[in-house]
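Dropping the structure in here first, questions after.
The values are calculated or read from the model by the stated rules, or taken from the named source; none is laboratory data. Note that this is a predicted model, so its numbers are computed, not measured. For neighbour counting, all protein chains shown are included, and Cβ atoms are generated from backbone atoms with ideal geometry for every residue, glycine included.
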Amino acid sequence: MAASSPETAKTAPSGSAGRVLLANPRGFCAGVERAIEAVEQALHHHGAPVYVRRAIVHNTAVVERLERLGAVFVQEVDEVPEGAVAILSAHGSARSVKHAAQGRDLKVIDAICPLVGKVHAEVEAWYRSGRHVLLIGHIGHPEVVGTLGQVPAGAVSVVSCPDDLAALDLPPNTAVAYAVQTTFAMRDADATIAAIKATFRDVAGPRASDICYATTNRQQAVEALARQCDLVLVVGDTMSSNARRLVEVAQAAGCADARLISGGDDVPLDVLARARTIGLTAAASTPETAIAEVCTVLTARGYALEEAEGEVERVRFRPVSLDALNIGTLGGSLEDRLTRLRQDIDQALDAAIGHARDRDRRLAEAMRYATIGAGKRFRALLVAAVADLVGGSYAQALRIGAAIECVHAQSLIHDDLPCMDDDDVRRGRPTLHRKFDEATAVLAGDALLALAFEILAEDATHPDPAIRARLVLAMARAVGQDGLAGGQMMDLYPPARPSAEDVFQCESRKTGALIRYAVEAGAMLGPCSAEELARLLRFAENLGLVFQIRDDMLDSIGDAEVVGKAVGKDAEAGRKSATSLLGLEGAAAQASQLENACHEALAVFGPKATPLRDLARFAVNRMH
């Protein structure tokens with residue numbers, strides 16, 4: 001039967017009560033099915049009872065069925081007997097909940113929806129990069145509570161509409177990022193995101209929408225049929241945010257009467273006489289039995305069922321692991337890895353510079369000043385992450401990372417000299433030539449460059465002399481005419497009218513060369529196929545450009561105290577950069593595209609490449 005408007009529906013032949021347009025898709029999504037299956041499998045594997053913190057999904061009928069099977073639902077983990085099996089809901093849980101479970105020696109199974117887990121990872125990455133996070137969602141919703149619990153209090157502000165932004169005590173130059181509750185209404189999220197971008201100058205967002213595919217598909221489906229209907233019935237639980245949003249979407253799309261019902265007993269019989277065309281949909285947490293009950297009631301009243309066209313969902317998630325969650329791994333964030341690496345690198349650099357009595361103490365002191373206790377250690381962490389990916393040695397990666405830090409420090413020493421950028425502050429403290437003098441700065445730089453090659457050539461870096469030779473050769477190329485030195489020269493003496501290609505070529509050499517070397521060197525430490533190496537180098541190429549574009553943006557919008565050096569120098573010198581060529585929004589868009597390319601290059605490595613993905617997110621969102 002062709003779709004008809006409410007007006008034509010009211011003229012349907014006598015004897016026919018009307019029709020019911022069944023929205024597609026409707027009902028359970030893959031994430032809900034996965035969470036329910038986790039409880040069922042845990043009961044089968046461990047036996048009853050198993051304990052579930054909060055509603056596994058927001059549907060009373062589902063919870064009651066699982067209770068009959070032997071699941072015990074609790075509000076907090078301190079209600080669970082010590083040593084028992086505890087399952088965390090699909091909405092996600094705060095870190096404090098998991099640590100509380102650890103304190104009771106519980107066997108924790110985390111049934112978090114993978115799409116909620118994605119939001120958690122984004123929020124933590126933005127917090128670690130120094131951004132204030134704006135979480136678009138409903139205060140008090142379990143998913144929002146769980147997301148807030150991934151980072152320290154105050155790091156995230158919850159907003160539910162554009163008007164909420166006015167109440168935030170954040171100046172327009174605050175670097176922010178936004179994330180969205182997965183069950184939020186798409187139209188409302190779009191309006192709030194637009195308001196965020198209009199309010200703040202430096203805004204980061206997810207690579208793809210946080211609103212889950214199931215929420216998007218169900219909202220689009222009900223929006224498409226709502227304007228044809230006299231009445232829209234949404235089958236779902238009053239606890240379900242997803243269900244309530246479907247009612248709102250139907251109303252906004254033009255249906256005057258949209259209602260949330262729990263099942264067949266809840267059908268509003270008093271209004272059916274006025275409804276010739278009824279739209280029927282169901283929330284992602286609604287079981288098929290509840291939908292079938294409603295259909296039975298409506299067909300008994302003379303309504304004909306008609307399937308509407310819609311998106312076919314083929315998404316499937318891996319089953320929830322029944323192995324107990326290793327709570328001890330929860331601290332493995334990028335910042336935690338950096339903290340460990342900084343300590344290890346500082347020790348390695350201190351040992352490499354040495355304390356020999358017959359060496360010039362002032363030179364050694366200057367070398368330490370330039371290298372120890374300063375810097376992000378981004379390139380060193382990159383070596384370690386790639387080495388870990390290919391099964392290489394952390395100790396060997398650490399030595400290569402120390403060599404790279406020596407070269408990087410040498411380049412900064414030279415870059416800060418009066419004959420080049422003439423900077424007084426680097427990393428929040430006086431530059432080396434200001435702390436000591438220009439001659440000492442030049443010699444310290446020379447000594448650090450020599451030390452880098454010394455570290456790479458030593459047996460401790462790798463037992464295979466051929467690998468050591470490759471490491472030395474690749475480093476020489478990274479810092480020479482076709483790498484760092486060549487890029488610096490292009491920066492000092494650019495063409496009269498540099499094109500975007502000229503600027504990106506300069507940045508690819510000046511900043512990208514050492515980043516590419518870090519990836520290439522890490523890959524030398526373990527078995528790595530030609531295809532894998534090609535993908536890693538593609539990742540490195542894009543990462544190097546992302547890193548420099550973010551530098552250009554920080555020079556334009558950064559805070560000197562946070563960045564740790566003078567800002568606005570490119571504009572003062574009339575130097576072209578990604579920001580001056582593309583504009584701030586264009587540079588941000590370019591950085592986002594390059595970040596996407598980084599993630600695409602790493603796709604074949606799966607979860608093992610998570611540390612590298614973290615570094616890409618850090619590069620495009622960092623504040624210093």
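Test Gly486 against the criterion of being within 24 Å of Phe378 (Cβ to Cβ), part of a loop (DSSP other than H, G, I, E, B) and in the same structural domain as Phe453 (by TED's automatic domain parsing), and give yes or no. Write out each step before concluding.
Numbers: within 24 Å of Phe378 (Cβ to Cβ): yes; part of a loop (DSSP other than H, G, I, E, B): no; in the same structural domain as Phe453 (by TED's automatic domain parsing): yes.
The answer is no for Gly486.
Testing Val108 on (1) assigned to a helix (DSSP H, G or I); (2) touching a Lys or Arg at 6+ places or on another chain (Cβ under 7 Å); (3) under 23 Å from Ala35 (Cα atoms), one condition comes back false. Which one is that?
Of (1) assigned to a helix (DSSP H, G or I); (2) touching a Lys or Arg at 6+ places or on another chain (Cβ under 7 Å); (3) under 23 Å from Ala35 (Cα atoms), only one is false for Val108: (1).
Considering Ala496, Ala466, which residue is hydrophobic (A, V, I, L, M, F, W, C) and part of a loop (DSSP other than H, G, I, E, B)?
Values: Ala466 fails: part of a loop (DSSP other than H, G, I, E, B).
Result: Ala496 is the single residue among Ala496, Ala466 that is hydrophobic (A, V, I, L, M, F, W, C) and part of a loop (DSSP other than H, G, I, E, B).
Further question on the same structure: Check off (1) over 24 Å from Ala214 (Cβ atoms); (2) surrounded by fewer than 18 Cβ atoms within 10 Å (Cβ to Cβ); (3) modelled with pLDDT under 95 for Pro114 and give me the number that stays unchecked.
Status for Pro114: all satisfied but (1).
Please verify whether Arg201 is under 27 Å from Arg613 (Cα atoms) and surrounded by fewer than 20 Cβ atoms within 10 Å (Cβ to Cβ), treating the condition exactly as stated.
Details: under 27 Å from Arg613 (Cα atoms): yes; surrounded by fewer than 20 Cβ atoms within 10 Å (Cβ to Cβ): yes.
Against the criterion (under 27 Å from Arg613 (Cα atoms) and surrounded by fewer than 20 Cβ atoms within 10 Å (Cβ to Cβ)), Arg201 qualifies.
Go through Ala469, Ala439, Ala450, Ala476 for me and flag whichever is surrounded by fewer than 20 Cβ atoms within 10 Å (Cβ to Cβ), over 37 Å from the mean Cα position of the chain (by Cα) and under 23 Å from Leu533 (Cβ atoms). Working first, answer last.
Details: Ala439 fails: under 23 Å from Leu533 (Cβ atoms); Ala450 fails: under 23 Å from Leu533 (Cβ atoms); Ala476 fails: over 37 Å from the mean Cα position of the chain (by Cα).
Result of the check over Ala469, Ala439, Ala450, Ala476: Ala469.
What single numbered condition from (1) buried (at least 21 other Cβ atoms within 10 Å of the Cβ); (2) farther than 29 Å from Ser209 by Cα; (3) aliphatic (A, V, I, L, M); (4) at pLDDT below 95 fails to hold for Ala100?
Here Ala100 clears every test but (1).
Follow-up. Can you find, within segment 577-624, the residue that is modelled with the highest pLDDT among those that are among the hydroxyl-bearing types (Ser, Thr, Tyr) and closer than 19 Å to Lys510 by Cβ?
Filtering segment 577-624 for residues among the hydroxyl-bearing types (Ser, Thr, Tyr) gives 577, 579-580, 592, 610.
Those left that are additionally closer than 19 Å to Lys510 by Cβ: 577, 579-580.
Details: Ser577: 68, Thr579: 74, Ser580: 71.
Among those residues, the one meeting the criterion is Thr579.
In segment 518-543, how many are within 16 Å of Asp482 (Cα to Cα) and outside any helix (DSSP H, G or I)?
Looking only at that region, the number is 0.
Right, something else. Could we say that Ile515 is farther than 25 Å from Leu543 by Cα, β-branched (Val, Ile, Thr) and either touching a helix residue (DSSP H, G or I) at 6+ places or on another chain (Cβ under 7 Å) or not in a helix (DSSP H, G or I) (or both) here? Full working, then the answer.
Working: farther than 25 Å from Leu543 by Cα: no; β-branched (Val, Ile, Thr): yes; either touching a helix residue (DSSP H, G or I) at 6+ places or on another chain (Cβ under 7 Å) or not in a helix (DSSP H, G or I) (or both): yes.
So Ile515 fails the test.
Tell me which of these Ala179 doesn't satisfy, since it passes every other one: (1) at pLDDT 95 or above; (2) in the same structural domain as Arg244 (by TED's automatic domain parsing).
All conditions pass for Ala179, except number (2).
Go through segment 377-393 and give me each residue that's out of contact with any Lys or Arg (no Cβ under 9 Å at 6 or more places or on another chain), more than 11 Å from Ile515 (Cα to Cα) and not in a loop (DSSP other than H, G, I, E, B).
Residues satisfying the conditions are Val386, Ala387.
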